[in-house]
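Reviewing the structure listed below.
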């Protein structure tokens, strides 16, 4: 159980760096480039996917799997499902309940973190 906990902590640290990438790119696209908030959100999320995959592969899960393209495809699939969950929560909180956009995004990010860890631990990086 302690190995799982350590992986979750590492996953969380990588995720925190991904939040920085995600929020930074989202802010740039939404506020400076004036893109639609869902396009901006998706762009930020997908940029974070690439950085998170690389860091999780090397550091969190110490993967030596030579099938990098297949592994990244699994990571991307889990992340795209997470993106759907993320956008759904943002829509519900922001559009329906009137919660501020970035507060909604932060809540969605927390929920999606749990999904992403489970999916990647059991599906993407499972030996």
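Worth a mention:
- Summed over the range 91-106, the residues that are assigned to a helix (DSSP H, G or I), in contact with a helix residue (DSSP H, G or I) (Cβ under 7 Å, 6 or more places away or on another chain) and modelled with pLDDT of 95 or more give a count of 3.
- Taken together, the residues in the range 107-127 that are in contact (Cβ under 8 Å) with a residue 12 or more places away in the chain and part of a helix (DSSP H, G or I) amount to 14.
- In this structure, residue 123 qualifies as surrounded by fewer than 18 Cβ atoms within 10 Å (Cβ to Cβ), touching a helix residue (DSSP H, G or I) at 6+ places or on another chain (Cβ under 8 Å) and within 15 Å of residue 60 (Cα to Cα).
- Annotation: of all residues in the range 32-48 being buried (at least 21 other Cβ atoms within 10 Å of the Cβ) and without any contact (Cβ under 8 Å) to a residue 60 or more places away in the chain, the one that is farthest from residue 88 (Cα to Cα) is 48.
- Residue check, residue 51 surrounded by fewer than 18 Cβ atoms within 10 Å (Cβ to Cβ), touching a residue at least 24 places away in the same chain (Cβ under 8 Å), in contact with a helix residue (DSSP H, G or I) (Cβ under 6 Å, 6 or more places away or on another chain) and under 25 Å from residue 3 (Cβ atoms): yes
The values are calculated or read from the model by the stated rules, or taken from the named source; none is laboratory data. All figures in this text were calculated on a predicted structure; none of them were measured in a lab. So basically every Cβ, Gly included, is an ideal-geometry build from the backbone, and we count neighbours across all protein chains shown.
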